[in-house]
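Take a look at the structure set out below.
Here, each number is a calculation from the coordinates, and none is a lab measurement. Keep in mind that what you see is a predicted model, and the values were worked out from it rather than measured. Cβ placement follows ideal geometry from the backbone for every residue including glycine, while neighbour counts extend to all protein chains displayed.
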Amino acid sequence: MRAATKTTLTLALTFSAAIAFAAQSAPTSPPALPSQAAASPPTTYSAEGLYNLANQYARAGKPGLAVLNYERAALLAPNDPDITSNLEYVRATAQVPTEPHTRLTRFARLTTPTTAAWLGVIGIALLGGALLASKATRRYRALRVIAALLGITDIALTLSNAALLWPHLHDAVILINQTPARVSPVPMGDTAFVLREAETVTMTAEHEDFILIRTRTGRTGWVARANVGAVVP
């Protein structure tokens, strides 16, 4: 009985956490391009608000901030064609490499984080319910097996989506054109190479006001924290 109570409590807590996570997501149908050029912060952290903000930065000639907010919007609405097309257009205009769409990347973007979270909750509920039912009665064995299999499948899909998206949690966008990547994390350190505005890099470490980044070609260097924006804030 204690085991059943503990299982029920775990499911309830997980369900509550998923609802809190889902509340931060947004609609996947962004509106048309705004007419104003001056960028203003979004009222809510949503795909729609980030998409509008990115459009405003693009119109204002700030590709770094535009790409950053398009990337953030794409995390919340990965299947939105408007976000994808605008992101690729701004990257091409800024003359920075376009991110390759591998099979794993396309698989990870088949669903939103909210949907993946709900699949995990449903999977835990199905699997937990099947296990509790097996303790209470020996009837309906076929239904219990089907519920358990569906639950395991949902949980596996959620974990796979999380594993594929994990590397992108350290992505960042260069916000200032001709940003120097220095050999050491000091303001007057030697410059190893220069980064273009709107270029996407990976953050690997940090030291005071500097971030150690790695480019898509494998080069590493220290960049001033103010010159780079994390995709996942």
ask   = Hey, got the dipole for the range 187-233? About the Cα centre, +1 on K and R Cβ, -1 on D and E Cβ, debye to the nearest 20?
value = 240 debye
Linear extension gain, E208 paired with S134, 0.36 nm per residue minus alpha-carbon span = 21.1 nm
request  = Estimate the FRET efficiency between T220 and L150 by the formula 1/(1 + (r/R0)^6), using the beta-carbon distance for r and 35 Å for R0, to the nearest 0.05.
outcome  = 0.20
